[in-house]
Amino acid sequence: MMRRVQPLRVARLGAPFFAAVLLVAGCGTPWSQPNHRRQNVVAPPLSGYSIGADLDVTDLAGGLHRQPTGAALVRLMKDNGVQIVRLYCYWGCNMEALGPEQWRNVFRPLQAAGIKVILRLNGSLHSLRVGVIRNPNRYIAGEEAILARIKAAYGGSYPANLVAVDPINEPFVDAQTLPQLRAVTTAIRRYSGLPVSIGGWRAPGGTNGRGVFNPPDPAVVRELAPLVDYLSVHIYPDDGNNVPGKTARTSTDPATYEPFVRNFLRVATSNDGGKPVFVEEFGGQNGFAPAGNRPLAGSPTHQRAVVDAVLQTMLAFKGRGVTGGTVFNLAQAAPWRSCDGWDLICYRPLRIMPALADLKKFE
């Protein structure tokens, strides 16, 4: 059971935080069609290279009664130079339940602050858990309902700062799921008129049916690139599947993780369609995860090493197709929750991770 604690004053969270803007080329070509390699092109006004963070939509939708949220959190982000956030809905959160007033609480303060938004939609909690879309039509209908609510909240048009939509998060990618993935991205692109991508991927073969997350597989990149407007990748180089040995989750040397990141970005930017690449999630364990929730591996110093390794390698690929990225995660939505393993801001205990300050360094 989660225990509510006294609200925190935003003034205590005087930490720097940067966010990033992605941008995308035109619609993908049919995946079964051969593609001729072209130079990576990024369409204005979504162009540029920058970095930022993922943020739970309920941090903003709830308003100021759940400090630090709403306008106060937006002021904190603006004061620290935030340009874009990737909004998502954490486990147990139902994005379809958010009403017009809540959506206005989300977008209006961000727009007033000049902060753009990539919206990661929740088609269904089941699909998010297993990575498989069993009923594409129902999935699409649920996501269109969310977009319709946002549009209605703004008098029939989307907020001007909504620049892209991520309709699928970490699905399985194989011959059986590709038709479903194509159906979803095509429908959401057509319905929204916004650039779309698929947030990372999973490959069969993991334990307990969960699969291996986000391997740098050229075959996966080749199949996904034609379905999206930009290629979204999730890079967690401290995962034991990616960096073998005891130092996988504990090393404080960025050099431990750079080879994996470099290979991943090389594979991603070599996609046949020349699609821009955005590192939509990356991060490392901060060592503050509660026992029984996530492994207590890592440390703030370890997390900083992982984040620095990804940012340094991303910067080396600037101009070669990589347009930036958003670190996962800014903070858990509710201040009374214990700190999650990847958070940059912990509410309980209140702590700012040192990796947050490094985002500006690698901008």
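The values are calculated or read from the model by the stated rules, or taken from the named source; none is laboratory data. These numbers were taken from a predicted model, which means no experiment stands behind them. Here the Cβ is made from the backbone with ideal geometry for all residues, glycine too, and neighbour counts use every protein chain on show.
Quick one: which residue in Asp272, Asp340, Asp308, Asp239 is at pLDDT 90 or above, of a type in the set (Asp, Glu) and either out of contact with any Cys (no Cβ under 8 Å at 6 or more places or on another chain) or outside any strand (DSSP E or B) (or both)? Outline the logic, then answer.
Working: Asp272 fails: at pLDDT 90 or above; Asp340 fails: at pLDDT 90 or above; Asp239 fails: at pLDDT 90 or above.
Just one listed residue meets the conditions, Asp308.
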Exactly one of Ile146, Ile115 is of a type in the set (Val, Ile, Thr) and under 17 Å from the mean Cα position of the chain (by Cα), and that one is Ile115
Residues of region 301-346 satisfying the condition of being over 22 Å from Leu87 (Cα atoms) and charged (D, E, K, R) = Arg304, Asp308, Lys318, Arg320
With (1) assigned to a helix (DSSP H, G or I); (2) touching a Pro at 6+ places or on another chain (Cβ under 9 Å); (3) at pLDDT 90 or above as the list, and Ala164 as the residue in question, which single condition is left unmet?
-> (1)
Within region 149-167, can one find any residue that is closer than 16 Å to Ala61 by Cβ and of a type in the set (Ser, Thr, Tyr)?
-> yes
For region 91-129, what are the residues that are part of a loop (DSSP other than H, G, I, E, B) and either buried (at least 21 other Cβ atoms within 10 Å of the Cβ) or not aromatic (Phe, Trp, Tyr) (or both)?
-> Gly92, Cys93, Asn94, Leu98, Gly99, Ala113, Gly114, Ile115, Leu121, Asn122, Gly123, Ser124
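Can you work out which of the residues in region 309-328 that are crowded, with 18+ Cβ neighbours inside 10 Å and not hydrophobic (A, V, I, L, M, F, W, C) is nearest to Asp56 (Cα to Cα)? Lay out the reasoning, then the answer.
In the first step, residues of region 309-328 are kept if they are crowded, with 18+ Cβ neighbours inside 10 Å; the result is 309-314, 317, 321-328.
Narrowing further to those that are not hydrophobic (A, V, I, L, M, F, W, C): 312-313, 321, 323-326.
Details: Gln312: 26, Thr313: 26, Gly321: 27, Thr323: 22, Gly324: 20, Gly325: 16, Thr326: 13 Å.
Going through the qualifying residues, I end up with Thr326.
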Would you please list the contacts, defined by Cβ atoms under 9 Å and residues six or more apart or on different chains, that run from a residue in region 142-161 that is without any contact (Cβ under 8 Å) to a residue 40 or more places away in the chain and closer than 17 Å to Pro195 by Cα to a residue that is of a type in the set (A, V, I, L, M) and crowded, with 17+ Cβ neighbours inside 10 Å?
-> Tyr158/Leu147; Tyr158/Ile150; Tyr158/Leu194
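Take the conditions part of a strand (DSSP E or B) and out of contact with any helix residue (DSSP H, G or I) (no Cβ under 6 Å at 6 or more places or on another chain) and apply them to Val132. Does it pass?
On the way: part of a strand (DSSP E or B): no; out of contact with any helix residue (DSSP H, G or I) (no Cβ under 6 Å at 6 or more places or on another chain): yes.
No; evaluated as a whole, the condition is false for this residue.
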Report, by residue number, each residue of region 45-82 that is assigned to a loop (DSSP other than H, G, I, E, B), at pLDDT 80 or above and either over 24 Å from Arg129 (Cβ atoms) or in contact with a His (Cβ under 8 Å, 6 or more places away or on another chain) (or both).
-> Tyr49
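I want to confirm something. Restricting to region 249-266 and keeping residues that are crowded, with 20+ Cβ neighbours inside 10 Å and not hydrophobic (A, V, I, L, M, F, W, C), which single residue is farthest from Asp308 (Cα to Cα)? Break it down into steps so the answer makes sense when it comes.
Taking region 249-266 as the starting set, the residues that turn out to be crowded, with 20+ Cβ neighbours inside 10 Å are 249, 251, 256-257, 260-261, 264-265.
Still in the running and not hydrophobic (A, V, I, L, M, F, W, C): 249, 251, 256-257.
On the way: Arg249: 15, Ser251: 12, Thr256: 11, Tyr257: 9 Å.
Checking each candidate, the answer is Arg249.
Could you check region 167-179 and list, in sequence order, the residues that are in a helix (DSSP H, G or I) and over 23 Å from Val279 (Cα atoms)?
Pro179
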Filter result for Val132 (surrounded by fewer than 22 Cβ atoms within 10 Å (Cβ to Cβ), among the β-branched types (Val, Ile, Thr) and touching a Ser or Thr at 6+ places or on another chain (Cβ under 8 Å)) = yes
